[in-house]
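The values are calculated or read from the model by the stated rules, or taken from the named source; none is laboratory data. Quick caveat, the model's predicted, so the values are computed rather than measured. Here Cβ is always computed from backbone atoms with ideal geometry, including for glycine, and neighbour counts include all displayed protein chains. Heads up: the accessible areas ignore ligands, DNA and RNA and are worked out on the full protein's heavy atoms, side chains in. Shrake-Rupley method; radii C 1.70, N 1.55, O 1.52, S 1.80 Å.
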Amino acid sequence: MESMTFVLFGATGDLAKRKIFPALYNLFSDDKLPPVYSVVGIGRKEFTDVEFKTFIEQSLQTFSRRKPEDNSKLESFLRTFRYCRLDVTEKEGYQSLLKKIQEREQEFGIPENRMFYLSVAPEFFDVIALNIKESGLGATKGWKRLIIEKPFGHDLKSAQDLNNKLSQAFEENEIYRIDHYLGKPMVQNLEALGFANPVLRTLWNNQHIANVQITASETVGVEERASYYDHAGAIRDMVQNHMLQMLMMTAMHLPKQITAQDIRHEKRKVMESLRPLQKADVGNHVVRGQYGPGKINDYTVIGYREEPGVDVSSMTDTFVAARLWIDDPSWEGVPFYIRTGKRMREKSTRIVIEFKNTVKDLYIAQNESPVPNLLIIQVNPHEGVSLQLNRKNPLKSGHIEPVTVDFTSNTKDVPEAYELLLFDAVRGDSTFFAHWKEVELSWKWVQPVLEAFEENLLPLHQYPAGSDGPEASRQLLEEDGFQWWLDK
Ligand code: BG6
């Protein structure tokens, strides 16, 4: 791994504190950082280097899965960390930043490999990228990389505008777009599960699969993010990125090689085959909902419109379910259902593959009805894979009943998404980052849905907090003779 400088914009912010510093520390503990690295944290606060290091130490004590055991280890981790106060909109400041970085590079003999992580509000993405270019920070003799995280735009047009600006300063292969769902170990595992197991691979098509259900339900509400969320809704917050990424990872075909390029090529093909929705037809395939008051784990919670900062007549979607079709011969006739919502019954991200139940009538004479086989991939908060099979229960006079075989291995101390993603970015492996084409095609699919929501072309169903979402979401599957598995 090559030595490098990690330039973190937004170093005193929430994401840095909760995720980025802990991820760096855990990588350091596992010897997964280059032998020599320098970190320059940038923020608006007045911090000395010592105060900055104290801030990082507190972040590790509170949020890291491993706590620094002794001072000497912490000291060697933080040895090259420096802080630089900068107003990111002021060009002049970038010159002193460049100087600081160059001094460190010379002091530690680090080649000009620079990784810029923009952990800042999205309106600064293009400003910073262009300033990096104009100040000469980006004119390195080594490599340069840019890491950014959603939202990438607010709709198709703004996403394209943003990308045009970013691409003036960075090449596509230098931009690492984080979708933290792609960093989740079980989402990364989808690749191995589907590709490294010929048994499953053989079944991965419309001959054997009846439907695919991707759920990301949360128990939390809007929290303190109303000013963002009330303009975004679940469609932008979760569907355009995380849900469609999980769909791509589930539906993609075997790539020629397991390389970033081939995998991203296959993902892109999924998006290109996704049947577009016409605005007028959105109501037939998409359900939107908003949580009302209710109870979660015996706690009474308020409805979305009562949440602080939310407009009392807000029409923002906190729940979206949709039926999608992939127009490619091996997925013809297989609906992909996605759904995501806040203030639902449980926190669960999972992918359920329902296999065709071709033996349903075989046991009619015995008055038995075998259930479909299900492959259940639990992504979050627990990770695991299980398979629902039918068997005779000797304790119940040999009645046929489903049994779930669990292949979950011990998942204690699994690296977090940011650890895996940062490690990949440091190594220059972009497999689990979103390519611009994936992002753009996702916005293209979502755009008519945004417009239909905006024009209120479909109802906004209320659902009680603590439920599995609106009744209409159940009906969406019922229309096709299916049901959401694992609901109560
Ligand atoms: C974020 C969304 O991207 O993902 C949040 O902005 C959401 O609204 C979060 O709560 C869910 O992530 P996770 O990892 O908890 O499933």
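At a 1.4 Å probe radius, carbon and sulfur cover how many percent of the accessible area of the chain? Intermediate results must be reported in sequence, preceding the final value.
Details: 10790 of 21690 Å².
Carbon and sulfur atoms account for 50 percent of the accessible area of the chain.
Could you tell me how far the Cα centroid of the stretch 166-230 sits from the Cα centroid of the stretch 1-65, in Å?
Centre-to-centre distance over Cα atoms comes out at 26 Å.
Report the FRET efficiency, 1/(1 + (r/R0)^6), for ARG427 and ILE258, where r is their Cβ-Cβ distance and R0 is 25 Å, rounded to 0.05.
On the way: r = 15 Å, r/R0 = 0.60.
Working from the Cβ atoms, E equals 0.95.
Tell me which of ASN367, SER473, LEU420 sits at the most positive position along the dipole axis of the stretch 363-488, charges placed on C-beta atoms (Lys, Arg +1; Asp, Glu -1).
Of the options given, the answer is ASN367.
Output the 0 to 90 degree angle, nearest 10, between the alpha-carbon long axis of helix 185-195 and the longest principal axis computed from the alpha carbons of the chain.
Taking the Cα atoms of the chain, the angle to 185-195 is about 60 degrees.
Mind pulling the per residue volume of the convex hull built on the Cα atoms of the stretch 307-412? Å³ is fine. Please report the intermediate quantities before stating the final value.
Working: hull volume 22.4 nm³, N = 106.
Convex hull of Cα atoms, per residue: 211 Å³.
So for the pair GLU90, TYR228, with labels modelled 7 Å out along Cα→Cβ, what separation do we get in nm?
According to this spin-label approximation, the distance is 2.6 nm.
If you plug each phi of the stretch 368-376 into the Karplus form 6.51 cos²θ - 1.76 cosθ + 1.60 with θ = phi - 60°, what whole-Hz ³J(HN,Hα) values come out, in order, with x for Gly and Pro?
10, 9, x, 8, x, 6, 10, 9, 10
State which stretch of the chain is the longest one without any exposed GluC sites (Glu not before Pro), exposure meaning a DSSP loop state and at most 13 other Cβ atoms within 10 Å. Before the final figure, lay out each step's value.
On the way: sites that count: GLU46, GLU69, GLU90, GLU171, GLU223, GLU224, GLU332, GLU455, GLU479.
Segment 333-454 is the longest.
Over the stretch 230-320, what number does the Rg to Rh ratio reach, with both radii from the alpha-carbon atoms and Rh per Kirkwood? Show your work: numbers first, answer last.
Values: Rg = 18.1 Å, Rh = 16.0 Å.
On the Cα set of the stretch 230-320, Rg over Rh gives 1.13.
Can you give the FRET efficiency to the nearest 0.05 for GLN366 and LEU387, using r as the Cβ-Cβ distance and R₀ = 30 Å?
Working: r = 23 Å, r/R0 = 0.77.
Rounded to the nearest 0.05, the efficiency is 0.85.
List the lysines whose Cα sits under 28 Å from the Cα of LYS67, skipping any in the same chain fewer than 8 residues away.
List returned: LYS17, LYS19, LYS32, LYS45, LYS53, LYS184, LYS347, LYS412.
Would you mind computing, in nm to one decimal, how far apart the modelled labels at THR358 and ARG18 are, each placed 7 Å from Cα along Cα→Cβ?
The two pseudo-label positions are separated by 4.7 nm.
Net charge near TYR229, counting Lys/Arg +1 and Asp/Glu -1 over other residues with Cβ under 11 Å of its Cβ? List each step's numbers first, then the result.
Numbers: positive: ARG225, ARG236, LYS342; negative: GLU223, GLU224, ASP230, ASP237, GLU307, ASP317.
Net of charged neighbours comes to -3.
For ILE400 and ASP413 in the same chain, what is the full-extension length gain: residue separation times 0.36 nm, less their Cα-Cα distance, in nm?
Values: separation 13, 0.36 × 13 = 4.68 nm, distance 3.81 nm.
Gain on stretching ILE400 to ASP413: 0.9 nm.
Remind me, what semi-axes does the stretch 4-149 give for its equivalent ellipsoid, largest first in whole Å, using sqrt of 5 times each Cα gyration tensor eigenvalue? Could you put the intermediate results ahead of the total?
Numbers: eigenvalues 113, 60, 37 Å².
So the equivalent ellipsoid measures 24, 17, 14 Å along its semi-axes.
Starting from the Cα-Cα distance between LEU130 and GLU103, subtract it from 0.36 nm times their residue separation and give me the gain in nm to one decimal. Intermediate results must be reported in sequence, preceding the final value.
Values: separation 27, 0.36 × 27 = 9.72 nm, distance 2.25 nm.
Difference between extended and current length: 7.5 nm.
Taking amide H positions as placed in the peptide plane 1.01 Å from N, state which residues far from ILE296 in sequence (5 or more) or on other chains have amide H under 5 Å from it.
VAL301
Modelled label-to-label distance, SER72 and GLN475, 7 Å Cα→beta-carbon offset: nm?
Using points 7 Å along Cα→Cβ, the separation is 6.9 nm.
Computed from the mean reciprocal separation of all distinct C-alpha pairs, what Kirkwood hydrodynamic radius does the chain have, in Å?
Working: mean 1/r = 0.0411 Å⁻¹.
Evaluated on the chain, it is 24.3 Å.
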